[in-house]
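Engineer: Below are the structure tokens for one structure; questions will follow.
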Amino acid sequence: MRFVKQLLAVAAVGLIGGQGVAAVQGSFLLTLVIGAVTAVLAVVVYRWVVRRTEYRDPAELGRDGWGGKVGRGMLIGFAMFAAVIANIAFLGGYHVEGWGSPTGALGLLGFMAAAAVTEELLFRGVLFRIIEERTGTWIALALTGVVFGAMHLANPDATFWGATAIAIEAGFMLAACYAATRNLWVPIGLHFAWNFAAGGIFSVVVSGNGESKGLLEASMSGPAALSGGDFGPEGSLYAVLAGVVLTVVFLLLAKRRGHIVGRRRRTAEVPASATVAQ
């Protein structure tokens, strides 16, 4: 029951925020404000519903050092996506044609913040965490990664390959990031920076959602294996490779820190270090 209550509470905030952003399309300022409010409200609601259903303080979303953790995640996410774009550009698949829209980038700042926070709270904060308690880290990572990828099939220019790529490079990787750090701030920062770098800076298609108007005016060309095609660079083999590398790194860190939970182990048997934000 707690699982359902937590999912519904966070999903409701994301849905209302998404409707609000859709209603003010064309106004970068309102999009920025509504997106930021949605992100903050989602955190407040998650903390509240966890206290009410689990009778504990949500250490995975603790206030201590949260800014530094978000910052570390953002550095990783931006570096990851910049490396993908750099490799695509090196082979002639990404072209900068001039400056884009600073106001468009500001609007995307709010939109991407809302998306990153609500999706991480839902998929890593609720789904992965609770499934892991019952099945262990490996099964939880596989199940939530697949569901995360499948969710992107609803996007306008989605493809089966694009959803598969998202499952591998984001669904598995972000779950591994949570397993390594045992806090939600790092994956939130990573998720946000990846999305904002894609749409808000490099102005490419994000997960099959159409063209973005960010800081740069850019275009892409070449085979889909290189550029990702209509799904965007997240469908590129470079993005998949980057996600696999980070997934392995995070899982090695999780193993070293004693954060891997065995199959069918009870919550009480989870190592103490696995419940404290690193």
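Engineer: Just checking, does region 197-209 include any residue being modelled with pLDDT of 95 or more and closer than 30 Å to residue 137 by Cα?
Structural biologist: There is at least one residue in region 197-209 that is modelled with pLDDT of 95 or more and closer than 30 Å to residue 137 by Cα.
One line per residue, one yes/no per condition, for (1) among the aliphatic types (A, V, I, L, M); (2) surrounded by 20 or more Cβ atoms within 10 Å (Cβ to Cβ):
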| site | (1), (2) |
| --- | --- |
| 122 | yes, yes |
| 127 | yes, yes |
| 154 | yes, no |
| 161 | no, no |
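Engineer: Take residue 77 and decide whether it is under 26 Å from residue 32 (Cβ atoms) and either in contact with a helix residue (DSSP H, G or I) (Cβ under 9 Å, 6 or more places away or on another chain) or at pLDDT below 95 (or both).
Structural biologist: Values: under 26 Å from residue 32 (Cβ atoms): yes; either in contact with a helix residue (DSSP H, G or I) (Cβ under 9 Å, 6 or more places away or on another chain) or at pLDDT below 95 (or both): yes.
Taking the combined requirement at face value, the residue satisfies it.
Engineer: Okay, next question. Tell me, yes or no, whether region 65-75 has at least one residue that is farther than 22 Å from residue 230 by Cα and either in a loop (DSSP other than H, G, I, E, B) or over 19 Å from the mean Cα position of the chain (by Cα) (or both).
Structural biologist: Within region 65-75, the subset farther than 22 Å from residue 230 by Cα is 65-75.
Those still in the list that are either in a loop (DSSP other than H, G, I, E, B) or over 19 Å from the mean Cα position of the chain (by Cα) (or both) too: 65.
Looking through region 65-75, at least one residue is farther than 22 Å from residue 230 by Cα and either in a loop (DSSP other than H, G, I, E, B) or over 19 Å from the mean Cα position of the chain (by Cα) (or both).
Engineer: From the set of residues in region 219-236 that are closer than 17 Å to residue 82 by Cβ and not hydroxyl-bearing (Ser, Thr, Tyr), which is surrounded by the fewest Cβ atoms within 10 Å (Cβ to Cβ)?
Structural biologist: Pass one, region 219-236, residues closer than 17 Å to residue 82 by Cβ: 220, 226-228, 232-234, 236.
If we keep only those that are not hydroxyl-bearing (Ser, Thr, Tyr) as well, we get 220, 226, 228, 232-234.
Values: 220: 23, 226: 20, 228: 30, 232: 27, 233: 26, 234: 27.
Across region 219-236, the extreme among qualifying residues is 226.
Engineer: Here's a follow-up. Condition (residue is under 17 Å from residue 84 (Cα atoms) and among the polar types (S, T, N, Q)) applied to region 185-200: is it met by at least one residue? Before you say what the answer is, go through the steps one by one.
Structural biologist: Of region 185-200, the ones under 17 Å from residue 84 (Cα atoms) are 190-200.
Then drop every residue that is not among the polar types (S, T, N, Q), which leaves 195.
Yes: one or more hits.
Engineer: Restricting the search to region 1-56, which residues are part of a loop (DSSP other than H, G, I, E, B), in contact with a Gly (Cβ under 8 Å, 6 or more places away or on another chain) and surrounded by 15 or more Cβ atoms within 10 Å (Cβ to Cβ)? Let's see the steps before the verdict.
Structural biologist: Step one: of region 1-56, the residues part of a loop (DSSP other than H, G, I, E, B) are 1, 24-27, 55-56.
Filter once more, so that each one left must be in contact with a Gly (Cβ under 8 Å, 6 or more places away or on another chain): 27.
Residues satisfying the conditions do not exist here.
Engineer: Continuing with the same structure: Go through region 211-239 and give me each residue that's in a loop (DSSP other than H, G, I, E, B) and under 14 Å from residue 152 (Cβ atoms).
Structural biologist: First pass over region 211-239, keeping only residues in a loop (DSSP other than H, G, I, E, B): 211-215, 221-223, 228, 232, 236.
Once the filter is applied, which keeps residues that are in a loop (DSSP other than H, G, I, E, B) and under 14 Å from residue 152 (Cβ atoms), region 211-239 yields 228, 232.
Engineer: Of (1) closer than 19 Å to residue 113 by Cα; (2) in contact with a Ser or Thr (Cβ under 6 Å, 6 or more places away or on another chain), residue 5 satisfies all except one. Which?
Structural biologist: In the conditions (1) closer than 19 Å to residue 113 by Cα; (2) in contact with a Ser or Thr (Cβ under 6 Å, 6 or more places away or on another chain), residue 5 misses (1) alone.
Engineer: Continuing with the same structure: Tally time: how many residues in region 95-116 are more than 20 Å from residue 25 (Cα to Cα) and buried (at least 24 other Cβ atoms within 10 Å of the Cβ)? Please lay out each step first, then the result.
Structural biologist: Start the filter on region 95-116 by keeping residues that are more than 20 Å from residue 25 (Cα to Cα), which leaves 95-99.
With the extra rule that they be buried (at least 24 other Cβ atoms within 10 Å of the Cβ), the set shrinks to none.
Residues that pass the stated criteria total 0.
Engineer: May I pose another question? So how many residues does region 81-92 have that are crowded, with 21+ Cβ neighbours inside 10 Å and not aromatic (Phe, Trp, Tyr)?
Structural biologist: Going through region 81-92 one residue at a time, the tally reaches 3.
Engineer: Of these, 14, 62, 35, 20, which one is within 15 Å of residue 109 (Cβ to Cβ) and touching a helix residue (DSSP H, G or I) at 6+ places or on another chain (Cβ under 9 Å)?
Structural biologist: So the residue among 14, 62, 35, 20 that is within 15 Å of residue 109 (Cβ to Cβ) and touching a helix residue (DSSP H, G or I) at 6+ places or on another chain (Cβ under 9 Å) is 35.
Engineer: Where in region 106-174 are there helices (runs of 4 or more DSSP H), lying wholly inside it, with at least 2 residues that are at pLDDT 95 or above and among the aromatic types (Phe, Trp, Tyr)? Spell out how you get there, then give the answer.
Structural biologist: Values: elements: 129-135, 137-151, 160-166.
Correct list: 137-151.
Engineer: Then there is this: Pairs only if they're at least six apart or on different chains, beta carbon under 6 angstrom, first in region 55-76 and touching a residue at least 24 places away in the same chain (Cβ under 8 Å), second of a type in the set (Gly, Ala, Ser); list them, first residue then second.
Structural biologist: These pairs meet every condition: 59/277; 62/277; 70/189; 73/189; 74/189; 74/193.
Engineer: Of all residues in region 129-152 being touching a Gly at 6+ places or on another chain (Cβ under 6 Å) and not hydrophobic (A, V, I, L, M, F, W, C), which is surrounded by the most Cβ atoms within 10 Å (Cβ to Cβ)? Can you show your working first?
Structural biologist: Applying the first criterion (touching a Gly at 6+ places or on another chain (Cβ under 6 Å)) to region 129-152 yields 136, 145, 148-149.
Narrowing further to those that are not hydrophobic (A, V, I, L, M, F, W, C): 136, 145, 149.
Details: 136: 16, 145: 24, 149: 21.
Here the answer is 145.
The values are calculated or read from the model by the stated rules, or taken from the named source; none is laboratory data. No experiment lies behind these values; they were computed from the predicted model shown. In this analysis, Cβ positions are derived from the backbone assuming ideal geometry, glycine residues included, and neighbour counts consider all displayed protein chains.
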